[in-house]
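S.K.: Mind having a look at this structure? Questions to follow.
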């Protein structure tokens, strides 16, 4: 994972993929509309504002390529320390 670029905090995000959920947290892969950097948006009813975790492009593409199911959930848990 990598840090957020300066534009990402202000820019709009474009949804790239619905990654499902892991440990009760909904995960959506998105891209910064300004620079294209990938992030996972984490959402739960207990934290409705959600949060973003920046990802390297290779990691984001790998994550999106994993079919929905137990393997993807495990990768999300490992990657996001859930």
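S.K.: Hey, what angle do you get for helix 70-80 against the long axis of the chain, alpha-carbon based, 0 to 90 degrees rounded to 10?
M.R.: The answer is roughly 50 degrees.
S.K.: If you take the square roots of the eigenvalues of the alpha-carbon gyration tensor of the chain and sort them as a ≥ b ≥ c, do you get rounded (a/c under 1.5), prolate (a/b over b/c) or oblate?
M.R.: Oblate, because a/c is 1.5 or more while a/b does not exceed b/c.
S.K.: A further question follows. Given 0.36 nm per residue, what is the gain on full extension from residue 65 to residue 16 after removing their alpha carbon distance, in nm?
M.R.: 16.5 nm
S.K.: Full-extension gain between residue 56 and residue 34, please, as 0.36 nm times their residue separation minus the C-alpha to C-alpha distance.
M.R.: Working it through step by step, the gained length comes to 6.3 nm.
S.K.: Also: Can you tell me the order of 47-58, 29-40 when each peptide is scored by its average per-residue count of other Cβ atoms within 10 angstrom, highest first?
M.R.: With the highest mean Cβ count within 10 Å placed first, the list reads 29-40, 47-58.
Taken together, the values in this text are just the output of simple stated rules run on the coordinates, not laboratory data. Owing to the predicted nature of the structure, the values given are computational and were not obtained by experimental measurement. Don't worry about glycine lacking a Cβ; one is built from the backbone with ideal geometry, like all the others, and counts go over all protein chains shown.
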